[in-house]
Amino acid sequence: MILHREFIRTAKRQGGKMAIIDRTLDRRLTYDKVLIAGLIFADYIKRFKEGFIGVMIPTSSGSILSTLGIVMAGKVPVMINYSTGAAENCEYAQNKCGFSTIITSKALVEKINCRIVPGMIFIEDILATIGTGAKLKAALRSKLPLPLLFATLPSAKEDDTVVILFTSGSEKDPKGVQLTHRNFSSNIIDLVRVFRLSEQDVMMGVLPLFHVFGHNANFWLPLIVGMTNVTVANPLEYKNIPKIIREEKPTMMAGTPIFFAGYLRESEPGDLASLRIVVPGADKTPDWLREGYRTKHGIELLEAYGTTETSPGVTVNTPEANRPGSIGRPLPGVQLKIADLSTGAALGPGKEGKIMVKGDLVMKGYFDDLEETALHIKDGWYDTGDMGVIDEDGFVWHRGRLKRFVKIGGEMVSLVRTESVLESFLPAGVSCCVVEIPDSLKGAKIVAAVTAKVDERDILKKMGKQLPSIALPKNFVVIEEMPKMGSGKIDFRSVAQTVRAMLRTS
C-alpha cells in the first residue's frame, strides 16, 4: 500500500471520528481535520526544492501533521533525535543527506537549550503564515472523490522511501535507514492480524517519531487502521501518563522497558485497566517488570523484537501465544532463521546463532552507504547482528548483540548474560551495564558499571554460582546516572568510554 493514500482512505471513511488527542498541547483533531491539515502542510512543503526535509518535533499533533504533510508533498522526512545533542544531530543529518530545511518547534528548542542551526523553520511560524485561503482550498480538496484527490498529489510507488531514520549510534556513528511504503505496510498488515486491531482501538502514543518503534506504532499504524491516537510529548512524565490512560482509556500501548518501569512505579491500581495490548520492545524486558504489571494491574506484557532496519517488528508475543522471557514468534510476513556464525547455515531448534530476517519489512538500504548495506543484506537476508535461539514451538529467545559477546582467554562470553545475572542480585533501584575493557593479559576484561555502591564481594560470590569465573566482572565502577539513547536504551558506547576514563584516573 501507499501509506498516505491509505491514510486518506481511512480519513474519508472515519470523517468526524477523533484521530489525535494531543494531551501536551490540549488539541483534539478529527480525521477530517487531520486530512485538511495534512494537505495544508503538503502545499507549504512543496515550495522547497529539496527532496529531504528534516523533522525535529516531539510526539504531538505537530509532529504527526508535519511528517504527514512532507510525505503527501512527495518528499522524504528525515527524523532527527532531539533527546541528546540535538544541534549536532541536525548538522549530522543535513551533511549526511544533503539538505538544509528542518521543521522544528520553538518551544522544544528553548526547552532543551538547543542552539539555532541554519535551515531551521519553526512550526509555530508556519502556522502563523497559513491564511484563510489556504485552509479553504485544502478543505475543498479534502472533499474530492478519492481518484481526483489522489490525482492532486505527487505520484508514489510502494518502493519509494517514505522516511529516513537514523540508527541509535550506541556502537558506531548513526546510519541513515531508508524505509519504504512497502516496508511499513508489511509490518502494519501483520500487526493488525496478530493483535486483532481495529478502528475501535485507541493508541497511547508516547514514543518519539525519530525512533522506528514510535514512527510505526505511534504514527502510521493508528492513522491507517483508523484508531484514535492519544499523544504525549515526553514519555518521562511517569506520574502524568498513568492519569491520562485512566482518563482517555487507550487499549494499546508500545514502549521501552525503562518507560514501562516508570509507569508501573507511579501508577495506581485501575489506572491502566483499559489496556488490552501492552508491548515492550527495543530492549530486554526484565522478569520483575513483567511480574509487577501482573500483580499491580493484571496486565501481561507482550515482549516484541525489532530493528530500525525492519520497520521495526520481527517477532511478537500475543495474548494467544505468549512465552514470557522470549521475544515471541515471527510475524506472519517474516522469514527468520538462526544462522551459524561460521558457515551461515540455518540452525535447528535449541542452537544459538545469528538472527537473520527476510521479507517485505527489510529496509531499502542505508542511505549513501552501499558498503554497509552489502555487509548487512545478502540474498535478501538482513543480518540483525543479534544472537538468538528458536525453541521447538517457534518462539525466539534473544541472547544479545553479537558485539556484546567478548572473547576472554579463548572463550566467547556474553556480556548480556553477565548483566542479567548481576541484575538479579542488585538492590532495588540500582541498575547496571556490563562493558568490555581491553586487558593486556587476556585481551579483554569485564567491568560492571552500577548506579550506586554495592557489596561487590557478596554479589560476586552469588554470581559465581551461576557463571564461570571468566564471565564475572573484574571491576565495579559507580556511574550515578546511566547514559541513555532517546529510546530509553542504555548508550553502551558512552558507558564504555566513561568506564575507561574512570579506570585510567583511579
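The values are calculated or read from the model by the stated rules, or taken from the named source; none is laboratory data. In this text the structure is predicted, and so the values were computed from the model without any measurement. As a convention, Cβ positions derive from the backbone with ideal geometry for all residues, glycine included, and neighbour counts pool all protein chains shown.
Summary table
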{"item": "Enumeration of residues in region 274-297 that are outside any loop (DSSP other than H, G, I, E, B) and either buried (at least 16 other Cβ atoms within 10 Å of the Cβ) or among the aromatic types (F, W, Y) (or both)", "result": "I277, V278, V279, P280, W288, L289, R290, G292, Y293, K296, H297"}
{"item": "Residue within region 343-355 that is modelled with pLDDT of 95 or more and in contact with a His (Cβ under 9 Å, 6 or more places away or on another chain) present", "result": "yes"}
{"item": "Residue that is surrounded by the fewest Cβ atoms within 10 Å (Cβ to Cβ), among those in region 239-268 that are among the hydroxyl-bearing types (S, T, Y) and under 23 Å from H215 (Cβ atoms)", "result": "T251"}
{"item": "Lone unmet requirement of (1) more than 25 Å from K33 (Cα to Cα); (2) of a type in the set (S, T, N, Q); (3) touching a helix residue (DSSP H, G or I) at 6+ places or on another chain (Cβ under 6 Å) for N229", "result": "(1)"}
{"item": "Pick from region 184-214, criterion part of a loop (DSSP other than H, G, I, E, B) and within 22 Å of T84 (Cα to Cα), ranking: farthest from the chain's Cα centre (by Cα)", "result": "V206"}
{"item": "Strands (runs of 3 or more DSSP E) contained in region 413-506 and holding at least 2 residues under 27 Å from N89 (Cα atoms), in contact with a Phe, Trp or Tyr (Cβ under 8 Å, 6 or more places away or on another chain) and of a type outside the set (K, R)", "result": "432-439"}
{"item": "Test for K49: is it free of Cβ contacts under 8 Å to residues at least 24 places away in the same chain and either among the charged types (D, E, K, R) or in contact with a strand residue (DSSP E or B) (Cβ under 8 Å, 6 or more places away or on another chain) (or both)", "result": "yes"}
{"item": "Matching option when the condition is crowded, with 16+ Cβ neighbours inside 10 Å, out of contact with any Asp or Glu (no Cβ under 8 Å at 6 or more places or on another chain) and over 19 Å from F492 (Cβ atoms), among G380, G365", "result": "G365"}
{"item": "Region 30-65: number of residues that are of a type in the set (S, T, Y), within 27 Å of F166 (Cα to Cα) and either outside any helix (DSSP H, G or I) or within 24 Å of the chain's Cα centre (by Cα) (or both)", "result": "4"}
{"item": "Strands (runs of 3 or more DSSP E) enclosed by region 109-183 - at least 3 residues per element that are within 32 Å of the chain's Cα centre (by Cα) and closer than 29 Å to L361 by Cβ", "result": "161-166, 176-180"}
{"item": "The listed residue being at pLDDT below 95 and outside the structural domain of Q14 (by TED's automatic domain parsing), out of L236, L221, L207, L191", "result": "L236"}
{"item": "Which numbered condition S198 fails, given (1) at pLDDT 95 or above; (2) more than 21 Å from K364 (Cα to Cα); (3) touching a strand residue (DSSP E or B) at 6+ places or on another chain (Cβ under 9 Å)", "result": "(3)"}
{"item": "Given (1) in contact (Cβ under 8 Å) with a residue 60 or more places away in the chain; (2) not in a strand (DSSP E or B), index of the condition T384 fails", "result": "(2)"}
{"item": "Cβ pairs under 6 Å, 6+ apart, first in region 93-113 and in the same structural domain as K49 (by TED's automatic domain parsing) and without any contact (Cβ under 8 Å) to a residue 40 or more places away in the chain, second surrounded by 14 or more Cβ atoms within 10 Å (Cβ to Cβ) and assigned to a helix (DSSP H, G or I)", "result": "I112/A86"}
{"item": "Condition broken by N95, with the remaining ones in (1) buried (at least 20 other Cβ atoms within 10 Å of the Cβ); (2) of a type outside the set (D, E, K, R); (3) closer than 20 Å to V163 by Cβ satisfied", "result": "(1)"}
{"item": "Single unsatisfied condition, R417 versus (1) under 26 Å from the mean Cα position of the chain (by Cα); (2) surrounded by fewer than 18 Cβ atoms within 10 Å (Cβ to Cβ); (3) more than 30 Å from R265 (Cβ to Cβ)", "result": "(3)"}
{"item": "Filter result (at pLDDT 95 or above and either surrounded by 24 or more Cβ atoms within 10 Å (Cβ to Cβ) or touching a strand residue (DSSP E or B) at 6+ places or on another chain (Cβ under 7 Å) (or both)) within region 171-185", "result": "G176, V177, Q178, L179, T180, H181, N183, F184"}
{"item": "Checking D271 against (1) assigned to a helix (DSSP H, G or I); (2) touching a Phe, Trp or Tyr at 6+ places or on another chain (Cβ under 9 Å); (3) more than 24 Å from H215 (Cβ to Cβ), the condition it does not meet", "result": "(1)"}
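Table: residues versus (1) among the small types (G, A, S); (2) closer than 18 Å to T59 by Cα; (3) outside any helix (DSSP H, G or I).
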| residue | (1), (2), (3) |
| --- | --- |
| N216 | no, yes, no |
| P222 | no, yes, no |
| V230 | no, yes, yes |
| Y238 | no, yes, yes |
| I245 | no, yes, no |
| A254 | yes, yes, yes |
| A261 | yes, no, no |
| R265 | no, no, no |
